[in-house]
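Quick notes on the structure that follows.
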Amino acid sequence: MRAGLGVRLFACLVALLFVAPTLIVAATSVTSGSMVTFPPKGFSPRWFQEVLTDPEWLTALGNSVQVGLLAAVLAMAAGTSLAFAAARSRFLPPALVTGLAVLPMTVPLVVAGIGFYLVYVRVGLSGNALSLGIAHAVLGLPFVFVNVLAALTGVDRRVEEAARVSGATETVTLVRITLPLVAPAALVGGVLAFVSSWDEVVVALFLNTPRFRTLPVVMWSQVRSGVEPSISAVATLITLVSLLMAALVLVGPAVVKKVRRRT
Amino acid sequence: MTETATQAGPTGREGSPGARVELAGIVKRYGDVRAVDDVSLTVEPGQFLTLLGASGSGKTTLLRIIAGFVDADEGRVVVDGRDISQVPVHRREIGMVFQNYALFPHLSVAANVAFPLEMRRVRRRDRAALVERALEAVQLGGYGGRSPKELSGGQQQRVALARAIVARPPLLLMDEPLGALDRRLREAMQIEIRGLSRELGLTVINVTHDQEEALTMSDHIALLAGGRLVQHGTPEELYGLPNSEVAARFLGESNLFRGRVRREGSQAVLALPYGRVLVPGDTPGEREAVVVVRPSAIRIRPAGAEPPAAAVSRVPGVVSADIYAGDSRKVLVEGADGAELVVRCESGAPLPCSVGDEVVLEWDPGSCHIITGAA
Amino acid sequence: MSALSQIPSRASSPGTQASPAAASDGRAGHGGGPGGGRARAGRLPRPDFWSGAGLPGLAFVVAAFVVPMAVVVVKSLTDPSPENYAAIFTSSVYQRSVVDTLEMALTVTVLCLLIGYPYAYAMARSGAAMRTFLMVALMLAFWTSLLVRTYAWQIVLNDTGIVNTALRDWLGLTSAPIHMIRTPFAVYVGMVHVLLPYAVLALFAQLRSIDPDVERAARVMGARPWRVFARVTLPLSLPGAVAGGVLVFVLALGFYITPQLLGGARQVYVGQAIMQQIEQFLKPGVGAAMAVLLFLAVLAVLGLAARFVGLGRILGVGMGRRR
């Protein structure tokens, strides 16, 4: 049954409201004026130039990339490992493993932030990419876990058995057969973990120090004192990276498959 | 494939690369269920043994115990005199073919076949030749660069076979290797696998539920039911001389007559309320027995026809169905006690009756087989 | 994004379904397990390889997450004492915060469902072009940073923002700016904008799963379109509404960024209150106690809802994105 005209018009209106704020931010970032105005006054890349030459923003950008990559790698390792245990272990109850792996998804960021703050500061892990990377890895881990778990259920156990019979130890089978087969799923989870780290503010606020701040943290501190075209430029950059990554994950596999089929 | 490296039996053992496999008292329980129940049997070097049985008979579990994927609760698996029950899978030196091929989907055909060589630390430069030879043996020479996904089911199973034999393991295990293939391909592969295993002199243990496959390919068949070994012997023995009702029913069509056997003059007879079944051989005294008559041994005659001079078994009945099956036809006859009897005749010869006719089934005493002591 | 639906069930090995015997083989493939009494007396089960493979992950989650959460609990009880909880329950300031938060979260949830339902319905019951347009718009919003979107609303709702500029300079309707920023209104706008995609995705997934023949059958039997909707479509889509609503509600409970930027000083929601305790009042014990209560509330709501629609469905909606 097709949706009625009224419903569709309403949906289109909401769709415009969905994208309008993002577009407005992007528009205000290319203004040639020195104030956030809409529509922007003229067109100029000056605020992007300013941001990309400002050492504070550049340092923050570098920190964000470091933290995101670390979070992605750690989440991929830990999430994959947990998925193995949940899907294959005979000893660890799968409910326990799954619960532990998914729990970080349910925790409010404020709560997680306090926990990380209390522990990491005490053990001397603060003000660097490692501490925030670990914290973000915890938050990104469920994405990897769920993706790899789904991929693992699609891996035929007999393929692993064939490797064992061929003379491979369990470890060699894991490395040579199972891991390559779930690697694409783990990678997707890793990209998602990167994105969730890339624009995360709350936990980053807990673990930041004046010397170590990520892009969203710097943006946050500036936003609180008002809107600026340079902030719009940073916001646009953050959004572009997030969207690119999301597109990579959501659309990428389908494109790869289509290209492969054609060749 | 002309040179036969090995025959079953002691004469062929000399120089056979195949392993001697001995199963001793294997038991596997799952909860209260005995999936494998005290199975002992020996496979001679170079022998092609089929574990035959319905699903749930324990044949797959038994194979997986031999492979090492499942630990037996009791008993030993001995290969060439060595108890390998505690040896981990990867050091058992066996080849295995799985029903669903189980190729490594992310590796090329050549890399799939090379895998066992790599695991056995065969030098890299020696691998290529061995891989190509194995692929040629399964008629896939030149396919090494392909991905398994590009191959048909039959080709994939050939790759799996090449991977299983490339390292020349003394023992090849096959778990319903042809189950996923269509009938024609299956028959072609049966012959191919049999030829290849003979040529290489491998000991093969094959699992199937397909009696035709078992009869075609095997030197020996071990028939399993409910986890127990029912009968172990050559295909001829299992088909011609089933030792139990289970065996008689599982292998081929059969008509079973149960009753007391006693002597009538010089002839042993199993008396039925409605007819007489003559039993071959000497039978001292009276006893319970089951007589097995294969459908192809039975002749159909119209009810009024003269009995032949020679002593034959005669059982009356009514034709209930006449099924044409190409090279033969299957006639179902309802016996006087309501039991359904099966007769196979050549489809060329005219049938002396049609559905609904009263007929008499006759067969020579020598063409039936008696199972004594049957419960 | 539906991969999470697999979570509750233990992953089974697909290769071992051929026969009962084969299935039980799969169960015992590794480890061996403790056999019956007569079996190889005293033989220990082999160390389970896959448990070992899971060990690094488990160690990581425990060390990096479970321990911090436990420390929060300990902190809430010991800094300075369990009195922290008493303080929360007796102080009218905190009670006010809780009431405000519940009111805000409920309002946002209801708004998200009311706006999200027609959107999801249009997505599920339109041609490919329309569906693609709506999906792309949704995804653009979904994947844009929460901070960026909140910042965008700041630009739009400011006293000198786009709305006020439009009203005054272009349309000449107002002389003084309408004060929208730092009000609950701005918070609701921002929160609904941020959380609406979750509601839409949950509803869309549910609506897509309804067999169109069911609706057609109702039509054929003579039901008018609105009756088909009220009697067939709406009831069948309720699980999606529950899943989406619960997710939105739970996320809204702990929000910090959006209320902090768009809200006023009069409403202090729980997320902000926790931050205040730690940053301004330097009472981490009280903040920890509030955090514990917040987490428990979230888990309780999720646990309750999971009985009706399954946890996988709720959390699966947000797969790939968290706020």
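Numerical summary
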quantity	calculated
Residue in the stretch A:20-29 that is in contact with a Lys or Arg (Cβ under 6 Å, 6 or more places away or on another chain), closer than 29 Å to C:Leu140 by Cβ and more than 9 Å from chain C (Cβ to nearest Cβ) present	no
Enumeration of residues in the stretch B:30-44 that are part of a strand (DSSP E or B), out of contact with any strand residue (DSSP E or B) (no Cβ under 9 Å at 6 or more places or on another chain) and farther than 14 Å from B:Asp71 by Cα	B:Val33
Residue in the stretch A:205-225 that is on the phi > 0 side of the Ramachandran plot and either surrounded by fewer than 22 Cβ atoms within 10 Å (Cβ to Cβ) or in contact with a helix residue (DSSP H, G or I) (Cβ under 9 Å, 6 or more places away or on another chain) (or both) present	no
A:Leu109 vs. criteria more than 7 Å from chain C (Cβ to nearest Cβ), closer than 24 Å to A:Trp198 by Cα, in contact (Cβ under 8 Å) with a residue 40 or more places away in the chain and out of contact with any Pro (no Cβ under 9 Å at 6 or more places or on another chain)	no
Tally of residues being outside any helix (DSSP H, G or I) and either of a type in the set (Gly, Ala, Ser) or touching a His at 6+ places or on another chain (Cβ under 6 Å) (or both) across the stretch A:114-132	3
Residue count for the stretch B:46-97, restricted to those that are more than 24 Å from B:Leu161 (Cα to Cα) and of a type outside the set (A, V, I, L, M, F, W, C)	12
Unique match (being loosely packed, with under 14 Cβ neighbours inside 10 Å, farther than 30 Å from C:Phe229 by Cβ and out of contact with any Ser or Thr (no Cβ under 7 Å at 6 or more places or on another chain)) among A:Pro21, A:Pro45	A:Pro45
Residue within the stretch C:131-149 that is closer than 18 Å to A:Gly4 by Cβ and facing chain A (nearest Cβ under 8 Å) present	yes
Single residue of B:Gly348, B:Gly356 found to be on the phi > 0 side of the Ramachandran plot and either part of a loop (DSSP other than H, G, I, E, B) or under 28 Å from the mean Cα position of the chain (by Cα) (or both)	B:Gly356
Neighbours by Cβ (under 7 Å, 6+ apart or cross-chain): first from the stretch B:324-338, surrounded by 13 or more Cβ atoms within 10 Å (Cβ to Cβ); second of a type in the set (Lys, Arg)	B:Ser328/B:Arg344; B:Lys330/B:Arg344
Residue within the stretch A:161-180 that is touching a Ser or Thr at 6+ places or on another chain (Cβ under 8 Å), part of a helix (DSSP H, G or I), at negative phi and surrounded by fewer than 22 Cβ atoms within 10 Å (Cβ to Cβ) present	yes
Number of positions in the stretch B:1-49 that are of a type in the set (Gly, Ala, Ser), within 26 Å of B:Glu213 (Cβ to Cβ) and at pLDDT below 95	9
From A:Leu52, A:Leu82, residue being among the aliphatic types (A, V, I, L, M) and either more than 9 Å from every other protein chain (Cβ to nearest Cβ) or surrounded by fewer than 24 Cβ atoms within 10 Å (Cβ to Cβ) (or both)	A:Leu52
Residues satisfying the stated conditions in the stretch A:222-241, i.e. assigned to a helix (DSSP H, G or I) and either away from chain C (no Cβ under 11 Å) or within 20 Å of the chain's Cα centre (by Cα) (or both)	A:Ser230, A:Ala233, A:Val234, A:Ala235, A:Thr236, A:Leu237, A:Ile238, A:Thr239, A:Leu240, A:Val241
Residue within the stretch B:87-96 that is surrounded by fewer than 22 Cβ atoms within 10 Å (Cβ to Cβ), within 30 Å of B:Gly145 (Cβ to Cβ) and more than 7 Å from every other protein chain (Cβ to nearest Cβ) present	yes
Residue match in the stretch B:48-63 (condition: touching a Gly at 6+ places or on another chain (Cβ under 7 Å), in a loop (DSSP other than H, G, I, E, B) and in contact (Cβ under 8 Å) with a residue 24 or more places away in the chain)	yes
Flag if B:Ser313 is farther than 27 Å from B:Ala222 by Cα, surrounded by 13 or more Cβ atoms within 10 Å (Cβ to Cβ) and of a type in the set (Gly, Ala, Ser)	yes
Condition broken by A:Leu244, with the remaining ones in (1) more than 8 Å from every other protein chain (Cβ to nearest Cβ); (2) assigned to a helix (DSSP H, G or I); (3) touching a residue at least 24 places away in the same chain (Cβ under 8 Å) satisfied	(3)
Residue in the stretch C:267-275 that is away from every other protein chain (no Cβ under 11 Å), out of contact with any strand residue (DSSP E or B) (no Cβ under 7 Å at 6 or more places or on another chain) and surrounded by 20 or more Cβ atoms within 10 Å (Cβ to Cβ) present	yes
Qualifying residue in the stretch A:125-132 (condition: away from chain B (no Cβ under 14 Å) and either crowded, with 22+ Cβ neighbours inside 10 Å or within 15 Å of the chain's Cα centre (by Cα) (or both))	yes
Search result, residues across the stretch B:68-85 that are more than 10 Å from chain C (Cβ to nearest Cβ) and not in a strand (DSSP E or B)	B:Gly68, B:Asp80, B:Gly81, B:Ile84
Close pairs (8 angstrom Cβ cut-off, 6 or more residues apart or separate chains): in contact (Cβ under 8 Å) with a residue 40 or more places away in the chain in the stretch C:284-296, of a type in the set (Lys, Arg) anywhere	C:Pro284/C:Lys75; C:Gly285/C:Lys75; C:Ala288/C:Lys75
Failed item in (1) part of a helix (DSSP H, G or I); (2) at positive phi, with B:Gly252 passing the rest	(1)
Enumeration of residues in the stretch B:35-62 that are surrounded by fewer than 24 Cβ atoms within 10 Å (Cβ to Cβ) and farther than 24 Å from B:Gly252 by Cα	B:Asp37, B:Asp38, B:Ser40, B:Thr42, B:Glu44
So A:Ala185, is it within 14 Å of chain B (Cβ to nearest Cβ), under 15 Å from the mean Cα position of the chain (by Cα) and touching a residue at least 24 places away in the same chain (Cβ under 8 Å)	yes
The stretch C:173-190, subset within 13 Å of chain A (Cβ to nearest Cβ) and assigned to a helix (DSSP H, G or I), residue surrounded by the fewest Cβ atoms within 10 Å (Cβ to Cβ)	C:Val189
Residue check for A:Val119: modelled with pLDDT under 95 and either at the interface with chain C (Cβ under 7 Å from one of its Cβ atoms) or buried (at least 23 other Cβ atoms within 10 Å of the Cβ) (or both)	yes
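The values are calculated or read from the model by the stated rules, or taken from the named source; none is laboratory data. Source: prediction; values computed, not measured. Note: ideal-geometry Cβ built from the backbone for every residue, glycine included; neighbour counts use all protein chains shown.
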